[in-house]
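J.: The structure that follows is given in the form of structure tokens.
The values are calculated or read from the model by the stated rules, or taken from the named source; none is laboratory data. It should be emphasised that the depicted structure is a prediction, and the values quoted were computed from it without experimental measurement. Neighbour counts are summed over all protein chains in view; Cβ atoms, including those assigned to glycine, are modelled from backbone coordinates with ideal geometry. SASA here: full protein model, heavy atoms, side chains in, ligands and nucleic acids out. Shrake-Rupley method; radii C 1.70, N 1.55, O 1.52, S 1.80 Å.
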Amino acid sequence: MAWAKRAVSSSTIGLFDEPLSNLDAKLRVQMRTEIKELHQRLKTTTVYVTHDQIEAMTMADRIVVMHDGIVEQIGKPLELYDDPVNLFVAGFIGSPAMNMIEGQVPDGRPGVLATADGIELPMPGGIAAPSGKPLIYGVRPEYFRLDPAGMPLRVVVTEPTGADTQVVARLGSQEVSLVFHQRIDAVPGDDLRVTIDTDAVKI
């Protein structure tokens with residue numbers, strides 16, 4: 001890190017262009033921590049370019065999300081995570097990415113979104129969406145809750161990570177990603193019943 005300390009301490013602005021891209025996973029985590037600690041200690045404005053959104057989320061005070069040379073959104077990491085301004089930012093920030101479920105509000109039923117398979121999802125309160133208009137129902141993987149009385153999802157893949165379990169499942173013909181902060185005893189082909197925290201849904 002001596003090179004980084006000299007470069008940053010002698011400059012008014014620090015520039016990093018994909019500095020960790022060729023490192024193995026363990027070293028990337030270590031270097032991420034060291035660079036952030038260095039930045040906090042020297043209090044030098046730093047521009048850090050990366051395609052790794054985990055690096056951006058964990059290291060930045062503010063993130064500028066760009067797509068094809070256009071700035072899509074600027075904000076603090078959790079602002080972008082909680083309130084993405086468009087589908088690109090919603091799909092880019094977060095790992096696994098936000099689920100984007102296609103559907104529409106049926107005539108006379110403003111409280112639900114119906115998919116092409118006839119599956120009905122609860123709409124968040126306070127949102128008045130026009131009937132029959134195609135909509136994207138955005139929900140992050142951690143906002144699914146296990147509930148014996150909930151809607152069924154067919155498990156495709158389970159990925160236990162220790163503290164969490166990531167699940168890929170089918171909601172009708174659409175695939176969704178789920179993250180449970182617990183261990184899930186499920187195998188491909190099983191049904192999980194879940195509800196959705198509608199306070200976190202984006203339309």
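J.: Taking 30 Å as R0, compute the FRET efficiency from the Cβ-Cβ separation of residue 17 and residue 83 and round it to 0.05.
T.: Values: r = 28 Å, r/R0 = 0.94.
Between residue 17 and residue 83 the formula returns 0.60.
J.: Within the chain, what's the longest stretch lacking trypsin sites (Lys or Arg not before Pro) that sit in DSSP loops with no more than 15 other Cβ atoms inside 10 Å?
T.: Details: sites that count: 43, 62, 183.
Longest run free of exposed loop sites: 63-182.
J.: Which entry in (1) 14.1; (2) 15.7; (3) 10.3 is this structure's computed mean projected area of the Cα convex hull in nm²?
T.: Checked against the structure: label (1).
J.: Moving to a separate point now. Using a 1.4 Å probe on the protein chains only, how many percent of the accessible area of segment 105-161 belongs to carbon and sulfur?
T.: For segment 105-161, the apolar C and S fraction of the accessible surface comes to 57 percent.
J.: Another question, if that's okay. Counting only helical runs of four or more DSSP H residues, what would the 222 nm mean residue ellipticity of the chain come to if each run contributes -39,500 (n - 2.57) and the total is spread over all its residues?
T.: Using -39500 (n - 2.57) per qualifying helix, the result is -6500 deg cm²/dmol.
J.: OK, next. Going Cα to Cα from residue 202, which lysines come in below 16 Å? Please leave out same-chain ones fewer than 8 positions away.
T.: Excluding near neighbours in sequence, the set is 133.
J.: Could I have the simple spin-label model distance between residue 66 and residue 34, label points 7 Å from Cα toward Cβ, reported in nm to one decimal?
T.: 2.7
J.: For residue 163 and residue 25 in the same chain, what is the full-extension length gain: residue separation times 0.36 nm, less their Cα-Cα distance, in nm?
T.: So the chain would gain 47.8 nm between residue 163 and residue 25.
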